[in-house]
1. Scan (1) at pLDDT 95 or above; (2) of a type outside the set (V, I, T); (3) over 23 Å from G140 (Cα atoms) for the single condition H2 breaks and write down its number.
2. Out of (1) more than 24 Å from A98 (Cα to Cα); (2) assigned to a helix (DSSP H, G or I); (3) in contact with a Leu (Cβ under 6 Å, 6 or more places away or on another chain), the odd one out for R78 is which?
3. Among the candidates K151, K114, which residue alone is more than 19 Å from the chain's Cα centre (by Cα) and farther than 17 Å from V49 by Cα?
4. When the residues of segment 1-49 are filtered to those that are farther than 15 Å from P184 by Cβ, among the charged types (D, E, K, R) and touching a residue at least 24 places away in the same chain (Cβ under 8 Å), which remaining residue is surrounded by the most Cβ atoms within 10 Å (Cβ to Cβ)?
5. With a cut-off of at least 3 residues that are farther than 17 Å from S113 by Cα and not assigned by TED's automatic domain parsing to the domain that holds C11, name the strands (runs of 3 or more DSSP E) lying wholly within segment 183-282.
6. Only one residue in S75, S88, S61 is buried (at least 16 other Cβ atoms within 10 Å of the Cβ), farther than 24 Å from V153 by Cα, out of contact with any helix residue (DSSP H, G or I) (no Cβ under 6 Å at 6 or more places or on another chain) and not aliphatic (A, V, I, L, M). Which one?
7. Please determine whether any residue of segment 83-96 is among the hydrophobic types (A, V, I, L, M, F, W, C), modelled with pLDDT of 95 or more and not assigned by TED's automatic domain parsing to the domain that holds K233.
Amino acid sequence: MHEFSLGFLRCVRCTSKLWVDIFCQDSEITEGMLECKGCGLNFPIIDAVPIIWDDFSKYLSSRITLGGKLFRLASTGRMKKFVKDSLSKSVRGDDQTALEKRWSEIYQRSKNSKFYVMIKSKLRQIPPSELAVEYGCSIGLMSDFLARHNKTVFGIDKSYSAIQIAKKLPKKNLDFVVADSLSPLFGDQKFNVVLALNVLELIEPLDLLEHVSKQISKGYLVISDPYDFDRGKNSVKKSFDEKSLRKNLYDLGFSISNKTQKPSYIPWTLNLNSRCTLNYKVDLVVAKK
């Protein structure tokens, strides 16, 4: 974790400022503990990745295999004890570790998709700014691109496997955090650019729009989705389509660029394996306040 991030990150329970106890450090903080003086919560930094989750034991409950990996990655006895104690409080559930790792690998194989070329062309049309964030950043492909044109950039995702890959992108103005995209991770911080690509089926859509709207007083939202909401028991409560996405953005005070007022069908190909691809037609909206 880069030290500059301390100026932006907040406790996701009480939004107090976070302090850091550094265990290991080289060019950035590779291991340590983010501490909230307000409510007493601690958030680990392991292999340079901060995990800022309201309940770390609950996070591991659905990622027991990841818990073992974090224990092995920890280089100090203090961190190993923290991970071990957190695992002991976890209630074993459906283990998402392998699934999150698999999708990280799929995104790596699909990083040359023409979809990303289209998104980059839209982002180039947005003026350079002070602060940008990508929600659901996965392995950080677009966060990395944002960091070329914006002063400070954050990528947020709940997958440790994805963020661990993203952290290999060597930019001093870019940092990644494992966190819930709807959490108050940045307190009342305002952003100039918010990017959210193909996450509406993973994050409750209206909640995400309302969350982002509060973070933009003057800036841009770039959002896309294929509207693939059939996820069984993991489906969101209220799905969107092309019309409802735009209507909700208007209701929240956004204007929509002329070129994205009509629904689009941008090809997005995901290479699942050497014999199978998943082909989406993605809608893109560029909105502004």
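1. (3)
2. Single failed check for R78: (3).
3. Just a single option satisfies the conditions, and that option is K114.
4. Ranking the candidates gives E31 first.
5. 193-197, 220-225
6. Answer to the selection: S61.
7. Here is the first cut: in segment 83-96, the ones among the hydrophobic types (A, V, I, L, M, F, W, C) are 83, 87, 91.
Narrowing the set further to residues that are modelled with pLDDT of 95 or more leaves 83, 87.
Now narrow it down to the ones that are not assigned by TED's automatic domain parsing to the domain that holds K233: 83, 87.
Checked against the condition, which is being among the hydrophobic types (A, V, I, L, M, F, W, C), modelled with pLDDT of 95 or more and not assigned by TED's automatic domain parsing to the domain that holds K233, segment 83-96 yields at least one hit.
The values are calculated or read from the model by the stated rules, or taken from the named source; none is laboratory data. What you see is a predicted model; the values in this text were computed from it and never measured. Because the Cβ atoms are built from the backbone with ideal geometry, glycine has one as well, and the counts that use them run over all protein chains shown.
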